[in-house]
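Please read the structure below before turning to the comments.
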C-alpha cells in the first residue's frame, strides 16, 4: 500500500478532488456533440474495411459523406446523419462479405 511522502504537497490544479470519482454518465446521456467523434471514428474504421475488401469507390463516397456530415452541425441532426452513414457502411461490408462468401463457394463447387 502506498503512503504519501512526509510533507508532500498535493497538486490541487492537476488533480482536483471533486473530479476523482470519475465520469459515471451513461453513453445514452451524452450530447450529440460528445457522440460525434466516436461515430466518425467508427465510420472511418468501416471505410478502411471496405478498402481492404476492394470496395475503394464505395469507401471514398462514404468517407466524403462522413467528412461533410462531421464538418457541419454538431447537434442531433449531425448525429443522425453520421448514424445513417454508419448503418450504410455496415450494410456495404455485410453485402461484400456475403458476395465474397458466395463467390468462394461457387469457385469451390466448380473446382471439385
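Just so you know, all these numbers are worked out from the coordinates, no wet-lab data involved. Not measured: the values here are computed from a predicted model. Here the Cβ positions follow ideal geometry from the backbone for every residue, glycine too, while neighbour counts run over all protein chains shown.
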How high is the FRET efficiency between residue 98 and residue 31 when r is their beta carbon distance and R₀ equals 25 Å, given to the nearest 0.05? 0.10
Computed log₁₀ I(q)/I(0) - Debye formula, equal Cα scatterers, no solvent, segment 31-111, q 0.13, 0.18, 0.19 Å⁻¹: -0.44, -0.70, -0.75
So how much slack lies between residue 67 and residue 38, counting 0.36 nm per residue of separation and subtracting their Cα-Cα distance, in nm? 9.1 nm
Virtual spin-label span in nm between residue 90 and residue 77, 7 Å along Cα→Cβ: 2.4
What whole-number distance in Å separates the alpha-carbon centres of segment 31-50 and segment 80-98? 12
